[in-house]
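Below: one structure, written as structure tokens.
The values are calculated or read from the model by the stated rules, or taken from the named source; none is laboratory data. In this text, all values refer to a predicted model and were calculated from it rather than measured experimentally. Neighbour counts run over all protein chains shown; Cβ positions are idealised from the backbone, glycine included. With ligands, DNA and RNA removed, areas are computed over all heavy atoms of the protein, side chains included. Shrake-Rupley method; radii C 1.70, N 1.55, O 1.52, S 1.80 Å.
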Amino acid sequence: MLRIITHIERLLLVHDCVIVPGWGGFVLQTVSAVCNEKEHLFSPQRKEIVFNITLQHNDGLLSESYMQMYDVNYRKAQLMLEEDVADMKAALQEEKTLSLGVLGSFSLGQEGQVIFHPGESDAFSVGSYGLVSFNFPLLQPVLAEREEVALLTRKRKKDILYIPVSRKFLRVAAASAAAVALFLLISTPVKDVNQAAYTASFVPTEMVVKSAPEIKPVEEVVPEEKAVPEIKAVKAEKKVVAETPAPKVKKQEAAPKPVASKPNQKMYHIVIASFPTEDQADKYIAEVDRKDCKHVSKVVRDGKYRIYADKFDNREQAESYMATLRMNDKYKDAWLFISR
């Protein structure tokens with residue numbers, strides 16, 4: 001039994017887990033460095049031994065160690081290991097306790113369960129070998145500085161003047177500020193606004209000819225010689241106004257109605273393979289026999305590269321082609337992939 005303890009101790013210096021077939025596994029767990037601020041205690045990183053009874057399969061690690069140390073074959077090393085495990089079980093059943101040196105000890109509970117008590121595992125902490133926990137108290141200047149900071153903090157608290165403000169006053173102030181902001185946002189009406197400056201039209205106002213002013217009847221008695229030329233002048237003015245051609249206004253062309261886009265047509269791909277990377281997909285396509293799959297190509301969906309033998313826009317044609325393709329043993333797992 002002593003030789004199996006030696007082998008476990010030697011292997012734990014290199015490996016974090018050593019499994020004893022039919023007994024259990026010894027596992028080293030890393031515990032990070034700890035700093036206790038209250039006690040000013042610093043503990044280095046170390047490893048603790050944990051026993052897992054569910055790890056009982058033979059991974060060959062102990063058997064190989066027996067082979068190297070005793071210069072025997074694998075079968076002989078396996079028999080020696082089984083003999084040592086049987087001795088350990090017998091000793092635990094007879095004495096109810098079993099000591100494995102620095103690894104720890106085992107005991108049987110009231111209900112017959114195996115209880116592991118870990119031992120000193122400092123020897124297995126190779127990365128922090130020789131490091132121990134130490135106490136590092138605060139220096140006197142640091143303590144004095146902390147006391148000064150504490151005194152200043154107390155003085156500042158005494159000098160602070162607290163003014164109580166009711167919540168009702170804060171709500172009234174907030175409502176008043178909101179009312180002033182709303183009043184400023186509302187625009188006041190402006191009189192005498194030139195509407196022409198804010199009106200858009202298709203024809204400039206300078207091109208529109210104003211209508212001739214109405215001629216009011218003259219009540220005074222005018223001599224015949226003077227009345228005639230005035231009437232002619234009025235008629236001439238009316239003629240000029242009538243002859244002025246009105247500008248033609250082009251009708252606004254109606255904007256073309258948007259044509260409703262047709263939905264993308266469904267495509268039916270006969271997939272024969274799928275890969276996570278493009279390089280694998282291209283390599284597979286290069287090896288496909290073009291006699292069987294003339295239109296072989298790839299389609300990318302959801303980060304996967306699917307290789308299809310052919311694609312159709314008709315489902316019946318796609319299913320018919322897939323049934324024919326499945327007759328070939330190479331493509332018996334071909335399946336239908338629908339995309340837009």
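Overview of results
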quantity: Unmet criterion (only one of (1) open to solvent by less than 40 Å² (accessible area, probe 1.4 Å); (2) of a type in the set (A, V, I, L, M, F, W, C); (3) under 21 Å from residue 119 (Cα atoms)) for residue 80; calculated: (3)
quantity: Of all residues in region 284-301 being open to solvent by less than 80 Å² (accessible area, probe 1.4 Å) and part of a helix (DSSP H, G or I), the one that is farthest from residue 266 (Cα to Cα); calculated: 284
quantity: Filtered residues of region 1-32 (kept if open to solvent by 60 Å² or more (accessible area, probe 1.4 Å) and within 22 Å of residue 68 (Cα to Cα)); calculated: 1, 2, 3, 6, 10, 13, 14, 15, 16
quantity: Qualifying residue in region 50-72 (condition: touching a residue at least 60 places away in the same chain (Cβ under 8 Å), surrounded by 12 or more Cβ atoms within 10 Å (Cβ to Cβ), within 30 Å of residue 133 (Cβ to Cβ) and of a type outside the set (Asp, Glu)); calculated: yes
quantity: Test: residue 281 is crowded, with 18+ Cβ neighbours inside 10 Å and assigned to a helix (DSSP H, G or I); calculated: yes
quantity: Any hit, region 33-41, residues being surrounded by 15 or more Cβ atoms within 10 Å (Cβ to Cβ) and in contact (Cβ under 8 Å) with a residue 12 or more places away in the chain; calculated: no
quantity: Hits in region 320-340 - residues which are in contact (Cβ under 8 Å) with a residue 24 or more places away in the chain, surrounded by 12 or more Cβ atoms within 10 Å (Cβ to Cβ) and charged (D, E, K, R); calculated: 330
quantity: Scan of region 302-333 for residues that are over 16 Å from residue 267 (Cβ atoms), over 29 Å from the mean Cα position of the chain (by Cα) and outside any helix (DSSP H, G or I), ordered by number; calculated: 326, 327, 328, 332, 333
quantity: Checking residue 75 against (1) more than 44 Å from the chain's Cα centre (by Cα); (2) surrounded by 13 or more Cβ atoms within 10 Å (Cβ to Cβ); (3) at pLDDT 90 or above, the condition it does not meet; calculated: (2)
quantity: Residue in region 302-309 that is in contact (Cβ under 8 Å) with a residue 60 or more places away in the chain, within 18 Å of residue 340 (Cβ to Cβ), open to solvent by 70 Å² or more (accessible area, probe 1.4 Å) and charged (D, E, K, R) present; calculated: no
